[in-house]
Structures are given as structure tokens and as C-alpha cells.
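Below you'll find the structure, written out as C-alpha cells, and then a few comments.
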Amino acid sequence: MDLVWILFLSVLYPYAAGQGVYAPANAQIVHSGQACVVKDDNMSERIYTIREGDMLVLQCLVKGHPRPQVRWTKTAGSASDKFQETSIFNETLRIERIQRVQGGRYYCKAENGVGVPAIKSIRVDVQYLDKPILTVHQTISDVRGSYYQEKTVFLRCTVNSNPPARFIWRRNYVSIEQSKDNGVDIYEPLYTQGETKVLKLKNLRPQDFANYTCQVSVRNVCDIPDSEVTFQLTSATSPPSLRLSVNETLVVDPGTDVTMSCDVTGGEPVPTVLWSRFPAPLPPWAQARGSTLSLRRVTPRDAGFYSCTAVNNVGNPAKRTVNLIVRVLRNITFQITPDSNKDSETIQMGRDLKLSCHVDAQPQDKVSYSWYKNSAPVQPSESLILLRSDPDMAPGTSSLEIIDMKFRDQATYSCVARFPGSSVPELRVDVNITQSSVTPPVLTVPPGGSMVTVSEGKGAELVCLVDGKPRPPVLWSRADKDLPMPSGENLVETKEGRLRLDNVTRNMSGSYRCQTAQYNGLNIKRREALVQLNVQFPPIVDPVFQDVRSKLFQRLPLRCSVLKANPARIEQATWLLNGRRLPGGVVLPEASEYVIGTLSTGNNGTYECRISNSAGSTSCVFSVSARAYSPEFYYDTPTPIYTLRTSRNYTYDLQWTQREPNAVDKIIGYWISVTQIQKRQTVLSKQITVKEPQKGSLLSYKIQDLRIPLSYEVRLTPITTYGLGDSATRNIQYSEAFNYPGPLAERVCGFEDDRMCGFTQDQNDKFDWIRQNNLTQNPKRSANTGPIKDRSNTDEGYYMYIEASSPRVQGDNARLISPIYNVTVSKGAVRSRTPYCISFYYHMHGKHIGSLNVMLRGRSFGGTGPPVWSLSGSQGNSWKQANVTVSPSGPFQVVFEGVRGSGFEGDIAIDDVSVTKGRCKQDNPISNTAVLPGRASELLPLPLGALLACSLFSALLLSR
């Protein structure tokens, strides 16, 4: 965790001390998770650097009263990812495995309705390094015969990275230096995607045929290792070439097994062949084996453009594409067009007539149409003209024109569509042409059917009756503003002209258009009609619910307004109190009113105004009471928890404001109830007296004798002459991150919460320290070793210990690392440096006890020096104190190392750790004065006063 970032946050918001008022929201963004570094840029913006795939954790620490609501948004990087609004205090934004597209600027917005919202931002910079790609190229003019003999060759190395990568070229694993080899040139080309370096080999020499390695590095930022790729350049190096085993357009029947091959005909190194499909991906059932792709029992959904691509990173990839078409015939339709020159709508002798046939097919241009007259093939003549593709119709339409229709032309005509030589079944449609068999359609709406009225939620049927020979389908659409049909489609076809709508809503109200279709009927002017759908619904009222608070003995009017209804007429308005009907109430055209003459304890309750029309009823609900609103706990107190070090107790300074205190009668006190959460045991329940609350004034009460580290639920209820008001609850959790308001010398870490004061486990040791107390320890633990209770001898108190049982073996170590303690960098002699005292309690009981070592680790180089304190062997079954004076040369961390002894009876424990400025008052007999190893110039100077502030705020931030 970055120290400058922590110290910036250590200046907390001011303590209200009973004088608080409603305060606007304020916010800060802090981080935990796996950041590489957090720094400021030239614009004083905070930049959070993280490796791709690591966990991003951002926390919005807010203050303000009432408690602010938090919302996260993101801009820049990818396209404005949004995070849902939430009401969780100190909202944490967590991305488990962050990707590069998720980098950008993240905003935390906190608002509580007082003043303007608080907005803070932090920029997230995602670091990554892809594996480089090395390709070999040669100018086109140089490509003749043997591809790379005595020619100029370009080796191009491309990589995507953040930050920009550094390139190193090697020939046969020896670095290439341009200044020492006139045959090479290394440069960065223009207009390339990603980062690219080119190694130019000018007029190939024998020594140029070798292994070339491109190594890329981001200088170990975020511990990202270097990456490299190697290519072997030989005299046989050549680009890939392919030969396709099938035609570029492949038409097959459904159910056919298809095998496509792209044979590699050239390329060194041997190319790799990959298959793809456009516009969809390869079917899941496709089997690609090298250059061969197999599809079993293809269906129309398998159609598409299949491409094979051969790549060997030499020159351009070779690519071949096959357009796979699966034959399909479906949905054959016909049209009858009377003599269009005479603008006719009926069949008449002596006039022209055209019959058209269309089928939806794939491929459309391979469809063969055949026409039959009374089952005999039509023979083209001067009076019967066949059009294989009618230019006046949709593509793929065949027509039969009858010129100057005679009596002999009245017959049954058949159109048959098929794929020649295919197993796809043919489709056929028959049309009987006589003067009596073909009549224009008539579209009518039945009497009373032009307006259909239905209640919301019911079903409705819209009807347009159609007649004519042949009878065409009826198409339905919305007539209002191009709205889609309820099904989402623009057109809905019905054979009988009946449109069924289920579970209608008010949004379906409006005009619906019915019209005859031109296919499967006469190709003439469409017949149309309109049907109006009227959906009735109960009144929409305001308010749906309202919480009404008032002083006793006041006049209180209630009003229920009608915003919208169908039908609009109010048939009835009924007022009820707690389910009982009330007399009176004024009914207006757009509302209903009821006046409570005098509010008393007898007429508090739930008032309901039930407003009805012919479609149903809806209610306005009013919760009327003289109860006081709930208090609002104050969350901005910087040190609400502190301990009394003479005991295992702590005190909590409960602070709150009263919501709308003047809305009801005077608040004369509060009832407070405190319950221990784990045991559900009430430890305090009484009435407390405070000054009369004013809007925004801060009230407080000290809750004493709370046991460390137990948690409690506090319930606070205002009291008026009416009685008890609404309650508010909050949980009190003991937190060492806010521990001890006294001098720095009194700050001690007892590991009483799971944040462990910012201590962390070392990732490079053999096993971990364990946090436990008497209540959580294993009942089958090893006897005759380890403490039973913590240093204060309480069941609830925690301590840290190492478990020496299997699978641990002798010599295994566990390391616990403190937060960073910032001290001013000192380059002088040891005796001129400021001393600090490391104090802790240890428990080393058991015949197999190993060693307990205390070491220091410098912030800049990360290593540990020799032990500044060490003890081995059993020291008796009791807690003992150790004090170690050290003189660090710069910022440091304390490392507690437990080493497992020869057997399982070797548990070691520590408790109550502190680091304070100054020499220890009574050094432990085996304590040492230690100097932090390392170069002082590597350490960052920070004020001495930030020593333990940093530690405690580190713990705070890690815990959030």
C-alpha cells in the first residue's frame, strides 16, 4: 500500500463534538487489492496501477449526515461501464480479474440530499504484456525464384503492452548491436498497430541464416516477466500457399456430409491451417483436423462463408474461402394479376391475365419452375408466354402470361418448384382459373366490431371478415405512429382475419389496420379497414402511499388524486380507517378528500381511499401517526470506539440527529437498548434524557462497559407524549483500526478484529500465523503447548500463534509482517538516529518449541535483515513481555518469524504488539539495538509524526 496515499487520508474529517448539523456528502477513494503502485501525475490525479488479471478493489470513504448514498461510474478506457447505484456505506467496487479494457477513470459519487453531491475520481491503469509476434517479410520486387537468396529481409516484431515495451534482438542468442554490424538496421516503422520494431537484414549473408529472438520487456513493472519469440531463418524460408479441394461455391442438399480441405502446397516453416466462418462462428459440431474441416448432416443453419487460413509468419497469410449453400425450398405462393393495362380487377374474356409463382429458396437462382395446365406441361405459344424470371415481380419469381384470354384458357394451372438433380422435395401450388372461380376480395368489419372495448388483463379479438375467390390472408398492423404489434413484429398474418390478443395492457390501446395480402390472391389494390381497441383500466392515483406525521390535536386533510383512468368517470370513492369504512369524504371529478378534524391517539392508523371506475378500483394509502420519526445515526465521528486500558472494556460514543423533530410533539427522551450480538443477551435497556432535539443538532450518549472484542446491536427509540416513536438500529463492532484516543505510546495491537491492525501474512514462507481465541480454538488441539487464553486472560481476547502439528516439519517458518512505519531517512551514524521501541508479549510453552525471531524489513528493497531479537526453547506456560530498541535508517516493517521445532508440542504465540518512538523504558534482557540494513538513499523521507498514524490507517484501509 502506498504510504503517501495513506498519509493523505490520515487527515480525517473534524469531530462534531455535539455541535454537528446536517452536512453535505464528502468522499475519498482508497484502494486495497493487488495494486502495483499508486501515484500522482502532473495533474495531481491519483493513478492506480494494477496488473491485468489481478483483483481491483476501490473503496469510497464518505462522510456527511445523513448517511450518503454511493454510486460508481466509469469513463475512458472502454465505453463507459456503469455500476448500479447502491446504499451501502463505504461502498466497495471489486473486479475479480481486471482486463485491459476495464482501465480508465472511475468516479465515486456520494450524495445525501444536503448541498451538492461529492464526486471523486481515480484513474486505473492496467498493465499487461502479450507474447510478441515475429513475422518475416520481403519487398514484392525482391520475390523471385528462391525467396530469400541474396535479398533484403525484414523481421518485424510486434507486441501489445502497457507501459510501452523495450525490444532486444538476438542472433543465435547473442545481442545484435546496430553500430557493430553494417549488415543490419533496427528501426521503428510508422503507421503500425501496437508496438513494432523491425530488424532489417541488408543483402543476406551466410551468417544471416540463423535463429533470431525478439525479447520484449516492461522492466518488470507489476512483476510482469519478460517475453520472447524465436524464428529460424534459412535459405528455404518461404510464405504459405494453399490449394482448395472443392469449388469456391459449394451447394449441397440438407442431411449431406460435407468435407472441405485446404491442401498446403508450400511454405517454410510448415504453415498452420486455421478454419473460420463468416458471419457466424464455426458450428459446435464442426470437426477441424489440420487442413480438413468436416460437417455431418448439414442443415440450412450451417450455411455461410468458410475460410481456411495458412500462417507461418512469413509474408502474408494464405487464405481460401468456400461459400457453403444448403439447398432449401419453402413457402410457395402465387399471385393473379388481371389485365393491368385496362386497370381491371376481374378476369374477363378477351383480356390479358398473368399467373405468378414464387418460392423462398436457397440458392434462389438455382430454382427450376415448371408450369402445367390441367396436369399437362404448358407449351409456350403466342397466347401462353412463360417468364422464367419476371422483372415486374420479386427476384426469383416465374410467371405465365395468358394473352387475349379465350374460353379454352379456363383451366387449373399448376406451378412446380424444384432443384434439378437434388433430393430436396419439390413444392407445388394449383390455381383454378374461371370467370366464376376468381372474384375480387371484399373486406368488412362486422357490425359493432369497429370498436372493441376490453378490461386490462383480459383477452380481446379483432375481426375483419374477408371474402373472395381465392380468399387471401389478412395482414394486421398498428395504424398509430408505426408502432409494432404486441408480438414485436410489424405485420401479423391471419388466415380467417381474426386477431387474438391475450392479456391486453393499456399500451395496446389504439387503431389496428387489417388489409388483404396480394399473395395467394388477386394482385390488385389492397382492401383495408380499421379496428379501434379500447383498453379500460382502473384509476391511477397519487399518492400510492404516504407517511403522514403530525402533532396531536391538529386538523389534518388527506387528498387522493386521480392521474389517469379509462373510463375517466369516478363511480365511487370510499374512505377506510384500519379497514373500517368512514363516513363523509368529498368526491371531486379528479380527486377525493378527507379531513381528520382532530388527530388523537384514537384515530391514528392506516387511512385508505379506494377509488373505483367501471374497470376496477385503486387505493391511496396514508399511514397517519403522531409517532416521532426514527433518529439518524451520525457516521462521521473519527474515533467512536476507544478502550479503557485498565480493563478489557471499551466505550462507544453514540451520536445521532433526530429526523424532522418538529413534525410531531416534543421529544422528551429516548429509550436505548443494547444487545450483545453473539449471545443475543440484553446488557442495557433504559430511558435516557437529552436536550430537546432541534433539526440538525447532534445528540450523543456514552455506552460504557462494552467487552472487547464483542459486538453489540443498539436500538434507539424517541419518546413523545404520544408514546414510542420509530426505532433505529446500528451495530457496534470493536475495531482496533480506530483504537485508543490517547498518546501514540498507548497504541497497542491485540489482534482483536480480523483486520489484525494491518498485519499481513508473508507469501514466501512455509505456513501462516493463525488468529484465534479461547472460544474459536480447536477442542482437539495439542495438549501441553500453546496458550489457552490471550494475554489479558479472557475467553474473547484474540492472539496470533503458529500450529506445530502435521503437516509442519522441523524448520518450517511462518512470518507475520506489520504495516510500514514511516520514519525520516537518516544517513548519519547509528547513535544519531531516532530510536524506536518494539514491545510485545510472547508465549513459548512446550517441549518441542523452536524459535521466535523479530526482524526488520526495509520498504525500498523488501528484504529482511538479521534478527534484532531471538529466543528459542520452552519459556514456561505464561505470557512474557519483550522490549526491543531499534534505530532504523528509514521506513520499516516489523517481521515476526515463528520457526517450528522438532515436534508437534511447539506452538508459539504473540499478543499486544506496539511500536513507539523513543527507547524502551526497560529493555528485555536479550533485546538488541538494531539498525535497519540497506541504503538510506533508497528510503522515502516522511515526517516522524506519521509513524503510527500510517500503521493504523493502513489497517483501517485494509479492513474496509
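Annotations
- Sites matching chymotrypsin sites (Phe, Trp or Tyr not before Pro) across segment 252-341 that sit in DSSP coil, with at most 12 neighbouring C-beta atoms within 10 Å: TRP285
- The local environment of ARG351, defined by Cβ-Cβ distances under 13 Å, has a net charge of -4 under the rule Lys, Arg +1 and Asp, Glu -1.
- Furthest towards positive pole of dipole, TYR670, PRO254, SER619, structure part the chain, Cβ charges: TYR670
- Against the main long axis of the alpha-carbon atoms of the chain, helix 947-959 sits at an angle near 40°.
- Under 27 Å from the Cα of LYS197 - lysines, other chains or at least 8 residues apart: LYS131, LYS151, LYS180, LYS319
- The Cβ shell under 13 Å around PHE767 holds other residues with a net charge of -3, Lys and Arg each +1, Asp and Glu each -1.
- Ranked by the mean number of other Cβ atoms within 10 Å per residue, highest first, peptides 380-392, 353-365 order as 353-365, 380-392.
- Where the chain is the region considered: accessible area per residue in Å², 1.4 Å probe: 48 Å²
- The calculated 222 nm mean residue ellipticity attributable to helices in the chain amounts to -500 deg cm²/dmol, summing -39500 (n - 2.57) over DSSP H runs of n ≥ 4 and dividing by all residues.
- Carbon and sulfur %, accessible surface of the chain computed with the full protein complex present, 1.4 Å: 48 percent
- Bridgeable lysines around LYS354 (alpha carbons under 26 Å apart, same-chain partners fewer than 8 residues away excluded): LYS342, LYS366, LYS373, LYS406, LYS469, LYS495, LYS525.
- Net charge contributed by nearby residues that have their C-beta within less than 13 Å of GLN875 (K/R +1, D/E -1): +1
- Cα lying deepest toward the dipole's positive end in segment 366-410, options SER399, SER368, LEU387, charges on Cβ: SER368
- Considering only beta bridges that DSSP places wholly inside segment 516-640, some 85 percent are antiparallel.
- Annotation: amide H of THR453 within the under-5 Å range of ASN534, sequence separation 5 or more or interchain, hydrogens built in the peptide plane.
- Under-5 Å amide H pairs with ILE667, H placed in peptide plane, nonlocal only: none
- Applying the criteria of a DSSP loop state and at most 12 other Cβ atoms within 10 Å to the trypsin sites (Lys or Arg not before Pro) of segment 868-924 yields LYS921.
- Placing +1 on the Cβ of every Lys and Arg and -1 on the Cβ of every Asp and Glu, with no other charges, gives segment 331-490 a dipole of roughly 380 debye about its Cα centre.
- Each peptide in 593-604, 118-129 was scored by the mean count of other Cβ atoms within 10 Å over its residues; highest first, the order is 118-129, 593-604.
- Cα centre as origin, Lys/Arg/Asp/Glu Cβ charges: segment 540-595 dipole, Debye: 220 debye
- About the Cα centre, charge dipole magnitude for the chain (Lys/Arg +1, Asp/Glu -1 at Cβ), debye: 1480 debye
- Looking at the chain alone, DSSP beta bridges between its own residues are antiparallel in about 90 percent of cases.
- Candidate cross-link partners of LYS666 among the aspartates and glutamates, defined by an alpha-carbon separation under 14 Å and a same-chain spacing of 8 or more, comprise GLU692.
- Close amide H pairs (under 5 Å, H built 1.01 Å from N) link ASN883 with ASN924, residues at least 5 positions away or on another chain.
- In loop segments of segment 179-238 as defined by DSSP, the chymotrypsin sites (Phe, Trp or Tyr not before Pro) with at most 12 further C-beta atoms inside 10 Å of their C-beta are TYR191.
- Too-long pairs where the Cα-Cα distance tops 30 Å, listed order kept, from LYS120/LYS679; LYS679/LYS847; LYS780/LYS847; LYS679/LYS789: LYS120/LYS679; LYS679/LYS847
- Rounded, prolate or oblate (a/c below 1.5 giving rounded, otherwise prolate when a/b exceeds b/c) for segment 192-270 by Cα gyration tensor: oblate
- Order by protection proxy (mean Cβ within 10 Å, highest first), peptides 771-781, 557-567: 557-567, 771-781
The values are calculated or read from the model by the stated rules, or taken from the named source; none is laboratory data. Keep in mind that what you see is a predicted model, and the values were worked out from it rather than measured. Here the Cβ is made from the backbone with ideal geometry for all residues, glycine too, and neighbour counts use every protein chain on show. Surface accessibility is based on the protein's heavy atoms, side chains included, excluding ligands, DNA and RNA. Shrake-Rupley method; radii C 1.70, N 1.55, O 1.52, S 1.80 Å.
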